[in-house]
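**Student:** Sharing a structure, written as structure tokens. Questions coming.
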Amino acid sequence: MERETLCIVLAATLLSVALAALGAPAAGAVPFTPCTDSAASSAGFTCATVPVPLDRSGALPGNISLSVERRLAGAAPSRDAVVALAGGPGQAAVPLAPFIAQAIAPALGSRDLLVFDQRGTGKSDPLSCPALTGAAAETSGSASELVASCAGELGPARADFTTSDSVADIEAIRVASGYEKLVLYGTSYGTKVALEYAERYPQNVEALVLDSTETPAGPEAFHLSTFKAMTPALRELWRRGACAGVKNPVADLANLDNRLSTRPLTGVAYDGAGKPVKLSLTRSDVYGLLLDGDLNPALRAEMPAAVHAADADDPGPLLRLAALSGVTPAASEETNEVDLALFIDTSCEETPFPWERGASEATRIVEAETALNALPGSDFYPFDPEIGLLDQTIPLCLSWPDASAGPPAQAPLPDVPTLILSGGQDLRTPTENARNVAKLIPDAQVLTVPYTGHSVIG
């Protein structure tokens, strides 16, 4: 099979008869009009709204209005289009449209660009849970109680915000916009959406570009690939004498984690405004700080020396990094741009947790701890295994009542041109993920970019 230039983007699919039966717009029927947003308009985008069913099974009534933006490559719509998919789950893509168009401009060629907010995010009927915000969250108890309250507020509709639902939405957009095939360009969680689309609609996928890829079945509940990636990432920063005085950054981090298991690191640091801030840094905060470096090269570069200093009883540099990055209190893996309710909903409904779906919270706790104890402690080095249990999505989802049947069984991926980009220092979606996905697609190419964290193109 001939391969076109792999620096393009990703592909998508087709199911017009079924979508028409479900009330989706006819092929090519969606009208794109000038965007009211000045940034989108000045970047050459036009806007449209594509209505799709809330629940494609028909059990629940109602529609979702998907906010879609399009930039034409020429005077008329092209035959095929590039679809850009954001991360999260829960990140809106429409605000990123001008940046995406600029970042991948050389790869668009004669193809139109489509960007849309996935259901439950941005302008596509965003999800919200009052239990998670404001005074309600401050006066309530544990995170588990807040998440259970959120599930109750969302009701049965929480089953309709999974990756599979977003995949069906992409197909509805493709049909309504009149495109034959799609090139799918996904970043982070967007790669999971792209891969599932390729599984379900392989005949309509022209190509895939996966930036910082997740595996089709991922993310794995304990995030073992993240811990495995820490050693090579820290050593890449440290090599060639880049960190004077630091002999072993991985051992330093392990020593610090062990010390923080008994008491936090405390002291005073200065924030970005030069004001003194009293901080107490836990092992969870250090873990969050390390992950935060995925998106902040300066923070990532300073971590080995700051950890080394903290391990030598000088907490100042590490506390300063925490103050400047906002990691304290411990931050989640996602940014503030992510819809929290959507993130929790999708993550809890489809993450392959180490418990039986439908099990009680008490049973889930036991099963999760049993699964953790069955793993070698070295799998979490340089951290303690407790981080693998408490600092992932497991605690958030212990009380979540599953409303969906769970993700469908994985199908073969199509033999299409595929480029997988991976940052050599990416901890959220490590290069191991990229290599595992490449094994599923004939002739897929993996490009590892050294000294780079999460989101290579970004």
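The values are calculated or read from the model by the stated rules, or taken from the named source; none is laboratory data. Everything quoted here is computed from the prediction, not taken from an experiment. Virtual Cβ from ideal backbone geometry, glycine too; neighbours counted across all protein chains shown. Accessible surface is based on the protein model in full, side chains and every heavy atom, while ligands, DNA and RNA are left aside. Shrake-Rupley method; radii C 1.70, N 1.55, O 1.52, S 1.80 Å.
**Student:** One residue is enough: does the range 437-444 have a residue meeting the conditions under 28 Å from C348 (Cα atoms), without any contact (Cβ under 8 Å) to a residue 12 or more places away in the chain, out of contact with any helix residue (DSSP H, G or I) (no Cβ under 9 Å at 6 or more places or on another chain) and not hydroxyl-bearing (S, T, Y)?
**Tutor:** yes
**Student:** Shifting gears a bit: Would you mind listing the helices (runs of 4 or more DSSP H) fully within the range 334-417 where at least 2 residues are open to solvent by less than 40 Å² (accessible area, probe 1.4 Å) and more than 24 Å from A59 (Cα to Cα)? Working first, answer last.
**Tutor:** Values: elements: 340-350, 361-373, 385-390, 394-397.
Answer list for the range 334-417: 361-373, 385-390, 394-397.
**Student:** Here's a follow-up. Is it the case, given these coordinates, that L279 is open to solvent by less than 60 Å² (accessible area, probe 1.4 Å), among the hydrophobic types (A, V, I, L, M, F, W, C) and under 15 Å from H454 (Cβ atoms)?
**Tutor:** Working: open to solvent by less than 60 Å² (accessible area, probe 1.4 Å): yes; among the hydrophobic types (A, V, I, L, M, F, W, C): yes; under 15 Å from H454 (Cβ atoms): no.
Answer is no for this residue.
**Student:** Are there any pairs with C-beta distances below 8 angstrom linking a residue in the range 301-323 that is within 15 Å of P264 (Cβ to Cβ) to a residue that is open to solvent by 40 Å² or more (accessible area, probe 1.4 Å) and of a type in the set (K, R), with the two at least 6 apart or on different chains, and if so which?
**Tutor:** Listed pairs, sorted by first residue: D311/R259.
**Student:** P442 passes all but one of (1) within 23 Å of the chain's Cα centre (by Cα); (2) at pLDDT below 95; which number fails?
**Tutor:** (1)
**Student:** Exactly one condition in (1) open to solvent by 60 Å² or more (accessible area, probe 1.4 Å); (2) of a type outside the set (K, R); (3) touching a His at 6+ places or on another chain (Cβ under 7 Å) is not met by H308; state its number.
**Tutor:** So H308 meets the others, but not (3).
**Student:** Same structure again: Between a residue in the range 284-300 that is closer than 9 Å to S325 by Cα and any residue that is hydroxyl-bearing (S, T, Y), which pairs come within a Cβ distance under 6 Å, given they are 6 or more apart or on different chains?
**Tutor:** Close Cβ pairs (under 6 Å, with a partner that is hydroxyl-bearing (S, T, Y)) amount to D292/S325; L299/S325.
**Student:** Hey, among the residues in the range 237-258 that are among the charged types (D, E, K, R), part of a helix (DSSP H, G or I) and at pLDDT below 95, which one's least open to solvent (accessible area, probe 1.4 Å)?
**Tutor:** Taking the range 237-258 first, the residues among the charged types (D, E, K, R) are 239-240, 247, 252, 257.
Then drop every residue that is not part of a helix (DSSP H, G or I), which leaves 239-240, 252, 257.
Still in the running and at pLDDT below 95: 239-240.
On the way: R239: 109, R240: 211 Å².
Taking the candidates together, the pick is R239.
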